Amino acid sequence: MIALEARPEPSRALAWLSPLIALLITVVVAAALFVALGRDPVQGLRMFLFEPLNGARGASEVALKSTPLILCALGLALCFRSNVWNIGAEGQFLLGAITGGGLALYFTANQIAIDRWAFFPLVIVAGAAGGMVWAGIVALLRDRFNASEILVSLMLVYVANLLLSYLVFGPWKDPKGFNFPQTMSFASGTNLPRIVTGLRMHWGLAFALLAAAVMWVFMFRTFRGYQLQVGGLAPAAARYAGFSSRRALWTALLVSGGLAGVAGAFEAVGPAGQLTPHLSTGYGFTAIIVAFVGRLHPVGCVLGSVLLSMFLIGGELSQSRIGLPSALTGVFQGVLLFSLLACDTLITYRFRWSGRTAARGAAS
């Protein structure tokens with residue numbers, strides 16, 4: 001019988017290299033899938049790994065998709081390090097989109113003129129408020145009734161989806177939109193300011209990078225961040241030291257929800273420019289993979305967001321140019337996460353054939 005035995009000293013170098021190993025495994029699996037589908041594997045891999053960064057426009061699109069992933073992944077990394085399993089960043093993203101988009105819709109419908117730079121901090125506050133309220137529901141139910149934050153946060157994703165659908169099919173639907181489920185297009189003054197004229201990349205990227213820097217300082221250079229991580233690694237030791245588990249729960253979830261909400265608000269008033277039922281392409285769920293690929297580290301979250309953004313854009317390019325199914329993007333994300341978890345397991349544990357050991361003991 002095969003059993004897992006903990007290694008006495010897991011390799012720290014391999015622990016940091018495991019995302020690269022997982023990526024190489026994903027590339028090999030991708031090449032095999034391309035061959036099975038009757039496509040040139042070199043051309044298919046180029047669509048996912050090189051074409052997304054081809055030229056200034058391609059790089060700006062990668063940066064555009066990286067922005068919500070960075071923000072969501074940063075909050076999830078804090079939660080997971082604190083042993084708070086927030087799986088509902090997608091719902092918090094959608095609530096941020098609703099509150100941020102609702103603010104933009106209010107200015108648009110009432111024809112209130114505002115400068116983009118003046119609206120920028122307002123939409124950040126609105127998005128953060130929406131995401132924090134949604135995450136606060138999870139924290140409240142876990143704190144008062146010991147409800148599983150995994151189930152509650154995940155189920156609230158469906159509630160957020162239904163709430164968004166209700167708004168765009170009902171009271172917020174554009175009366176001149178030919179009955180399509182969407183709000184009116186937001187006024188130009190509520191759009192996010194662009195970094196480069198003519199490209200869709202906006203200053204939300206700078207906010208996301210600043211958030212990554214602040215999160216690094218908070219996690220590794222403040223006593224409060226130390227408390228959260230100790231509570232996640234050793235809850236008994238944290239209680240003995242007098243660290244509050246309730247404070248850790250609320251802090252992790254509110255920060256995570258606020259960042260995911262800002263990401264949703266940026267998506268609503270940035271590239272989308274209106275609210276639709278399909279505003280998100282699963283950023284909140286993809287950010288879970290980003291957080292683990294990035295080793296739950298802010299810098300790793302930034303790098304992981306770039307990689308997963310390339311996968312998202314590569315899936316769109318491969319579908320339009322060489323006729324590959326769009327589901328391949330999800331397949332590659334799953335293979336990447338599975339490979340990473342497998343690598344981490346083998347770095348920490350090793351296989352032992354317990355039947356042989358038992359037989360030797362009986363023979364002696």
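The values are calculated or read from the model by the stated rules, or taken from the named source; none is laboratory data. Here the structure is a predicted model, which is why all the values come from computation and not from measurement. When we count neighbours, we look across all protein chains shown, and the Cβ atoms used for this are built from the backbone with ideal geometry, even at glycine.
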Output the qualifying pairs, or none if there are none: Cβ atoms under 9 angstrom, residues six or more apart or on different chains, first residue in segment 332-351 and closer than 16 Å to P8 by Cβ, second residue surrounded by fewer than 14 Cβ atoms within 10 Å (Cβ to Cβ) and hydroxyl-bearing (S, T, Y).
I347/S11
All but one of (1) closer than 17 Å to I98 by Cβ; (2) at pLDDT below 95 hold for A135, so report the exception by its number.
(2)
Any residue at all in segment 352-359 that's of a type in the set (K, R), in contact (Cβ under 8 Å) with a residue 12 or more places away in the chain, in a helix (DSSP H, G or I) and farther than 29 Å from T183 by Cα?
no
Among the residues of segment 77-98, write down those that are crowded, with 23+ Cβ neighbours inside 10 Å and within 24 Å of P277 (Cβ to Cβ).
N86, G88, A89, E90, G91, Q92, F93, L94, L95, G96, A97, I98
Residue tally, condition of a type in the set (F, W, Y), under 21 Å from A263 (Cα atoms) and surrounded by fewer than 19 Cβ atoms within 10 Å (Cβ to Cβ), over segment 113-152:
1
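Please work out if G75 is part of a helix (DSSP H, G or I) and modelled with pLDDT of 95 or more.
Answer is yes for this residue.
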Report yes if some residue within segment 289-298 is charged (D, E, K, R) and surrounded by fewer than 16 Cβ atoms within 10 Å (Cβ to Cβ); otherwise report no.
no
